[in-house]
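To keep things clear, I will list the structure first and then write my remarks on it.
Just so you know, all these numbers are worked out from the coordinates, no wet-lab data involved. Keep in mind that what you see is a predicted model, and the values were worked out from it rather than measured. With ideal geometry, Cβ positions are generated from the backbone for all residues, glycine too; neighbour counts draw on all protein chains shown.
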Amino acid sequence: MRMLRTIAEVRAHVAAARSAGRSIALVPTMGAFHAGHEALMRAARDACDEVIVSLFVNPVQFEDASDLDAYPRSEVEDAAIAARLGVDALFAPSAREMYPRGFATSVRVAGLSDVLEGAARGAGHFDGVCTVVCKLLCIVAPDVAYFGQKDAQQVVVVRRMVRDLDLPVRIEVVPTVRDFDGLALSSRNSRLAPEDRARAVALRRGLGVAEDAIAQGERDPARARAAGRAAMTAQGVDPEYFAIVDPDTLGEVERIAGRVLIAVAARVGPARLIDNVLVDTQEVATHDEWAPTSQRSSHVHPAPT
Ligand code: AMP
């Protein structure tokens, strides 16, 4: 696996792959790899000839400097994981390489960036995400870029940006990979002390209770939200938000009908965690991913032995 540090190195690497007729996948990440990242890399490996993973803890998407400082970093281990999965190149640039002196541009997707995570983390969060994703898509110019359903709003915002800016890339979404008890895998989980780790399952539990209420016929979002919130509070976790929204516009729904996204965020000890499920009242079963039925359900990470 090649380790690339500069934009010039990436461009040369991609040009060589292109001239050999190879299709190119990009998997943007902030590192500290877990099975969620691995699922994205595997999907890319299965679909494309050349897999490029970017590893960059993007400072401009952190509104909170202490969160940026505390973000886990493990580049040597990450490189070993990527190599084992057959990744062709890991692009791990410095902040100076991505944001040289005088950098002055920001990409903003209005509206979609301002709700849920945007409201909670600050309006600049998704501007930072879009700016770095736009740069990565311009640097690598992949055929396909892979994102996780775990960050549902990021998918919606990035898809809008790609459409609005006519970026010639296909966005693929990989189902959320969960730990044995349902907790969505996240680099931030490593910051949880054992008692916080036990409480963290409250997010998935709350989503599950709201899902069940909908499956049993509840169509009033306020009541489904209240049931989900109560299940979380009972486990000692107060949600920062617990929302039932349209999965395309992220607007609150007045009545639950068709596809809805249930999204939650909560602080558990030192970590701020998010999770979501997609529910479709037209389908018999509910699910937590935008994936063909055949690909669902095998994404639970086994319990540690
Ligand atoms: P991050 O390094 O946290 O920025 O994540 C990089 C990519 O991995 C993003 O597209 C995330 O949505 C995705 N991702 C993170 N955690 C998971 C998970 N548990 N399951 C699936 N994808 C994930």
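Things worth noting here:
- Here the dipole of segment 230-275 is about 140 debye; that uses its Cα centre as origin and unit charges on the Cβ of Lys and Arg (positive) and Asp and Glu (negative).
- The chain: angle of helix 75-84 to the longest principal axis, Cα-based, in degrees nearest 10: 90
- Charge context of D238, other residues only, Cβ under 14 angstrom, K/R +1, D/E -1: +4
- Directionally averaged projected area (convex hull, Cα atoms, the chain), nm²: 15.9
- Simple point charges give the picture: +1 on the Cβ of Lys and Arg, -1 on the Cβ of Asp and Glu, and for the chain a dipole about the Cα centre of about 480 debye.
- Cβ-derived FRET efficiency at R0 30 Å, T281 paired with C138, nearest 0.05: 0.15
- Here the simple spin-label model places points 7 Å from the Cα toward Cβ, and for A226 and S19 these points are separated by 6.7 nm.
- Compared with the dominant principal axis of the Cα atoms in the chain, helix 152-164 is inclined by about 50°.
- Take the Cα of A95, step 7 Å toward its Cβ, do the same at R11, and the gap between the two points is 2.5 nm.
- The chain - share of DSSP beta bridges that are antiparallel (%, nearest 5): 50
- Gain on full stretching of the segment that runs from E63 to D246 - 0.36 nm per residue minus C-alpha separation: 63.3 nm
- Rounded to 10°, Cα long-axis angle of helix 221-234 versus longest principal axis of the chain: 90
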